């Protein structure tokens, strides 16, 4: 399980509707000028290509928003541009996120013909009442049809489910997982419902499952998917060996990537250290900036030693394998024990949340159940 050291993320900011739990940079608009947006995304790719000449691209990820609302011709043009601007790995991973609506399902073959080899479906649930609560536009039947169609088209398939809804029991979640495992081809992402500030759920004061129930649901997920041959390689992501999302591994292992499109973030290493790039978030403002100057970068900031350390720890501890000692030293210039407070590190290890050894630093099973709290303590 190795991550490519350079990838490209393309953000498509538009959705048919805004889900009540979503705090991503997504927008609902009446119409989209696809040709204009295609030209802008191609221009920004060309801008970043001039700054990263010679880097071999190992992964390309279309996220959003809902990138499957893009015209397949635009997806094909962006993939062709990546291949034109950069050398690419022989096994280049190209992922596109989609929803299970009938409209999007009908486009699957066109996306595959455009060059997409990995589809990530936002199923979220197989239960009609849960789908309505989550504000999803598709039905359970459409989710099943989309999974069946995608499974026959794309070599690699992943889908998302959301758990820890209000009042959810382990019996309800077990039924969801049973159905999920019937369609799981190689990768499943299981996300706990989190009420993020500013979302419709937050404004309505919706509350998810309590901590004790959330842990029970998390542990049930670990047992069932591990038994099915899909153990967690990251806190929320399960895969058969070799089916891990190589692009997301870039984020979790501190690799470099270009972020293209409204609100996209990037990380690029160079003589100034690691530069965090951020594109203008508002779609209309980003579009105007690209058309004026060739890119929509809001800022590029050199990360200080503590900021870089915190990123590596926060992301790396999400992985089952944790932080590799050699990789951490190469990225931060420090040993793990030098970069972190020894007293806190030793206390968390003694309490059974973390393990520090010759391999590096990783969370135990107990630590993964309360990972956010353990990381907050470690970096306080």
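Key figures for this structure:
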{"read-out": "Tally, over segment 274-300, of residues that are farther than 19 Å from residue 8 by Cα and assigned to a strand (DSSP E or B)", "value": "0"}
{"read-out": "Index of the failed condition, residue 194 passing every other in (1) more than 30 Å from residue 91 (Cα to Cα); (2) more than 19 Å from the chain's Cα centre (by Cα)", "value": "(2)"}
{"read-out": "Some residue of segment 99-116 being assigned to a strand (DSSP E or B), modelled with pLDDT of 95 or more and within 19 Å of the chain's Cα centre (by Cα)", "value": "no"}
{"read-out": "Sole exception among (1) assigned to a helix (DSSP H, G or I); (2) touching a helix residue (DSSP H, G or I) at 6+ places or on another chain (Cβ under 7 Å); (3) farther than 30 Å from residue 173 by Cα for residue 257, by number", "value": "(1)"}
{"read-out": "Criterion (free of Cβ contacts under 8 Å to residues at least 24 places away in the same chain and either in the same structural domain as residue 314 (by TED's automatic domain parsing) or at negative phi (or both)) met by exactly one of 232, 227", "value": "227"}
{"read-out": "Qualifying residue in segment 230-241 (condition: buried (at least 18 other Cβ atoms within 10 Å of the Cβ) and more than 25 Å from residue 24 (Cβ to Cβ))", "value": "yes"}
{"read-out": "Subset of segment 12-50 (residues that are within 13 Å of residue 67 (Cα to Cα) and either assigned to a helix (DSSP H, G or I) or outside the structural domain of residue 192 (by TED's automatic domain parsing) (or both))", "value": "34, 37, 38, 41"}
{"read-out": "Those residues of segment 135-162 which are out of contact with any strand residue (DSSP E or B) (no Cβ under 7 Å at 6 or more places or on another chain), in a loop (DSSP other than H, G, I, E, B) and closer than 20 Å to residue 115 by Cβ, in sequence order", "value": "152, 153, 155"}
{"read-out": "Output for segment 179-193, where each listed residue is in a helix (DSSP H, G or I) and touching a residue at least 24 places away in the same chain (Cβ under 8 Å)", "value": "179, 180, 181, 183"}
{"read-out": "Pairs where the first residue, in segment 131-144, is at positive phi and in the same structural domain as residue 69 (by TED's automatic domain parsing) and the second is in a loop (DSSP other than H, G, I, E, B) and surrounded by 19 or more Cβ atoms within 10 Å (Cβ to Cβ), C-beta under 7 Å, 6+ apart", "value": "135/19"}
{"read-out": "Unmet requirement for residue 59, which otherwise passes all of (1) closer than 16 Å to residue 95 by Cα; (2) in contact with a strand residue (DSSP E or B) (Cβ under 7 Å, 6 or more places away or on another chain); (3) in a helix (DSSP H, G or I)", "value": "(3)"}
{"read-out": "Selection count where residues are outside any helix (DSSP H, G or I) and either over 26 Å from the mean Cα position of the chain (by Cα) or more than 27 Å from residue 216 (Cβ to Cβ) (or both), scope segment 365-380", "value": "1"}
{"read-out": "Residue in segment 329-364 that is farthest from residue 221 (Cα to Cα), counting only those that are surrounded by fewer than 13 Cβ atoms within 10 Å (Cβ to Cβ) and touching a residue at least 12 places away in the same chain (Cβ under 8 Å)", "value": "358"}
{"read-out": "Qualifying position, being in contact with a helix residue (DSSP H, G or I) (Cβ under 9 Å, 6 or more places away or on another chain) and outside any helix (DSSP H, G or I), among 196, 243, 219", "value": "196"}
{"read-out": "Failed item in (1) under 30 Å from residue 48 (Cα atoms); (2) touching a strand residue (DSSP E or B) at 6+ places or on another chain (Cβ under 6 Å); (3) not in a helix (DSSP H, G or I), with residue 82 passing the rest", "value": "(3)"}
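Yes/no per residue for (1) more than 30 Å from residue 125 (Cβ to Cβ); (2) buried (at least 23 other Cβ atoms within 10 Å of the Cβ); (3) under 23 Å from the mean Cα position of the chain (by Cα):
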residue	(1), (2), (3)
54	yes, no, no
60	no, yes, yes
67	no, yes, yes
71	no, no, yes
84	yes, no, no
96	no, yes, yes
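The values are calculated or read from the model by the stated rules, or taken from the named source; none is laboratory data. Model, not experiment: these values are computed from the prediction. Ideal geometry is used to build each Cβ from the backbone, glycine not excepted, and the neighbour counts take in all protein chains shown.
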